[in-house]
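Everything below concerns the one structure shown next.
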């Protein structure tokens, strides 16, 4: 299907008004801020208690971050179990996209992507999610597919109540799981501290009234933010986040996770200068330490026991400022840098033989220094022109002799560092007249190759059943992209249409090498990361938000992506068309929300990775709340049913055709004080 046909389909669906929610809560109305680079979804009540998107995206106070992300029109999730789903933006995933936490770079410690940075954040300590697509997403780092920046909630100062908080507890029947959340805020005039804690415990869930093994997990998450006002226009802020998961089952993988730990910390200084030329100035130093341990001791009939721990340590800093050059010109400057060290091991314990050891990530040091510039120019009252770009100096090097020796078996020379200069540039214009707005953006972007792609050593991929070996000689992927947006917004209705096209060069895939022997017992063979000339990802997202009646609101979103290689064969892990619609009735103390999710069958699958087709499915969810006052505080009852008709289904991005949970009855109680 040609791109012109995507435009026709997209516009047609837009006119029918059955499309994608504008996950694009953006574009301030004053001065030159009338264009939008980042799509922000506010998900915390304390930011905006009456925000309509909040009520749809954060359906309950015990939602997971994945529950929130899955409602964004451009985002899908790769699911390997019932824990730590991996975000996909318009068909791009892993190192093709950027995932940051308050601008902090975080890299997982798992060779199988079982610990994306989004898994270490809970909605209780999350202020908002900033979604950026295509080349306009390079603010936080070089990528070709978009970025997600998860902003942490901060302490509230000078509050009406010096001490306030919330406690909520809920129970889900399908997995016999319990979710408990505590939030506390102390807010004096110049000093404040905010604490949030979450404990989740889940057993194996049921699908079609049958238990799905290895879907259990336990998790404990703590987050503390303290803020001190140095003056009336500047403050210091300290963030500390700790996340511990254990006994985590991964039904689609041959191994589970015995322990996943993250320690994230940052100190920042921000000032809003009284000099009107500078809008703000912010600088931050940060660090994070991730430990991830895969384990197969609880798996029956394991041919050979293995331990696979991994470590990732990242330290960095950034400085950012915005300068008003004149009444029509705003310049944003960001400089950043980080260094990351990753190491992963595998120890095999064959029967009647000595243990065997190897490095699957051979002590890899990645260091990047970057500069980002963004200029907004207000041409007139209707047109805004935007130009932004990023330049990264990137160095990657194996620091252990064992690691170098392993790769030399394949005649790779890895004594010297791999040095790359990554370039990203994006330009566009925004038009706004009355209730109508539109934009066009064209860009070029590059992204660094991942540790797996460069230096991975016999990494088993459960999706296609092959061992994978890295290739230090591959080139970095590049993308030429275009995005069109149009929308019409009134007091009661907001309709948006987004169309995108990405041409990727040096697209990285694994190629089968029959001459190589497998390391994993039962593997189909060995693949080495190589590249094809080009690939294409294109599609559309459409959205509708409308007030049907005084207390009745509809929000709906549709998304579709098509991915093909240079021979017009389907790319792997591409979601089919999906439509999500929610109707919410809210009056006084009572609210009721009904949700429908419909996904078509995916029959365009990649034979290169033995991908399986998936059938269509339709789901219905129902949630309700009732709140009442207890003296000066609030008590809220929550109840709901997910998968109301107990549909047996899998999403296309679910590995191993593991079924999703069946009918799930939820009950919860929240106390706000």
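Read-outs: derived from the displayed coordinates by stated rules, not from any lab. Note that the structure is a prediction, hence the values are computed from the model and not measured. Because the Cβ atoms are built from the backbone with ideal geometry, glycine has one as well, and the counts that use them run over all protein chains shown.
Worth a mention:
- Along principal axes, Cα extents of the stretch 119-165, largest first, whole Å: 45, 22, 13
- Shown for the stretch 335-466 is the translational diffusion coefficient from the Stokes-Einstein equation, using the Kirkwood radius over Cα pairs, a temperature of 25 °C and a viscosity of 0.890 mPa s: 132 µm²/s.
- Radius ratio Rg over Rh of the chain, counting only Cα atoms, Kirkwood formula for Rh: 0.94
- Spin-label model, residue 285/residue 263: points 7 Å from Cα along the beta carbon direction are separated by 1.7 nm.
- Judged by the ratio a/c of the largest to the smallest principal axis of the C-alpha gyration tensor, the stretch 211-270 counts as prolate, that ratio being 1.5 or greater while a/b is larger than b/c.
- Length added when fully stretched, residue 627-residue 171, from 0.36 nm per residue minus Cα-Cα: 162.3 nm
- Each residue in 644, 325, 148 was given a count of other beta-carbon atoms within 10 angstrom of its own, and listing them fewest first yields 325, 644, 148.
- Neighbour-count order for 361, 246, fewest beta carbons within 10 angstrom listed first: 246, 361
- The stretch 282-409: C-alpha gyration tensor shape, a/c 1.5 cut-off, then a/b vs b/c: prolate
- Normalised contact order of the stretch 175-290, rounded percent, pairs of Cα under 8 Å and 6 or more residues apart: 18 percent
- Residues in the stretch 645-673 that a label on residue 589 would reach, taking backbone N under 18 Å of a point 7 Å out along Cα→Cβ: 668-673
- Rounded to the nearest 0.05, the FRET efficiency derived from the C-beta distance between residue 436 and residue 324 at R0 = 41 Å is 0.90.
- The stretch 204-351 - Debye-derived log10 I(q)/I(0), Cα point model, q = 0.17, 0.20, 0.21 Å⁻¹: -1.01, -1.20, -1.26
- The modelled label-to-label distance for the pair residue 400/residue 415, using points 7 Å beyond Cα in the direction of Cβ, is 2.1 nm.
- Normalised contact order of the chain, rounded percent, pairs of Cα under 8 Å and 6 or more residues apart: 12 percent
- With R₀ fixed at 35 Å, the C-beta to C-beta distance from residue 298 to residue 598 puts the FRET efficiency at about 0.45.
- Our helix-only sum for the chain, with -39,500 (n - 2.57) per DSSP H run of n ≥ 4 divided by its residues, gives a mean residue ellipticity at 222 nm of -1500 deg cm²/dmol.
- Pairwise FRET efficiency - residue 490 versus residue 567, Cβ, R0 = 56 Å, nearest 0.05: 0.75
- Residues 401, 541 in ascending order of nearby Cβ atoms (within 10 Å, fewest first): 401, 541.
- Bridges between two residues of the chain, per DSSP, are antiparallel at a rate of about 95%.
- Counting only DSSP beta bridges with both residues in the stretch 178-270, the antiparallel share comes to about 100 percent.
- Here the spin labels are modelled as points 7 Å beyond Cα on the Cα-Cβ line, and at residue 612 and residue 278 they lie 5.9 nm apart.
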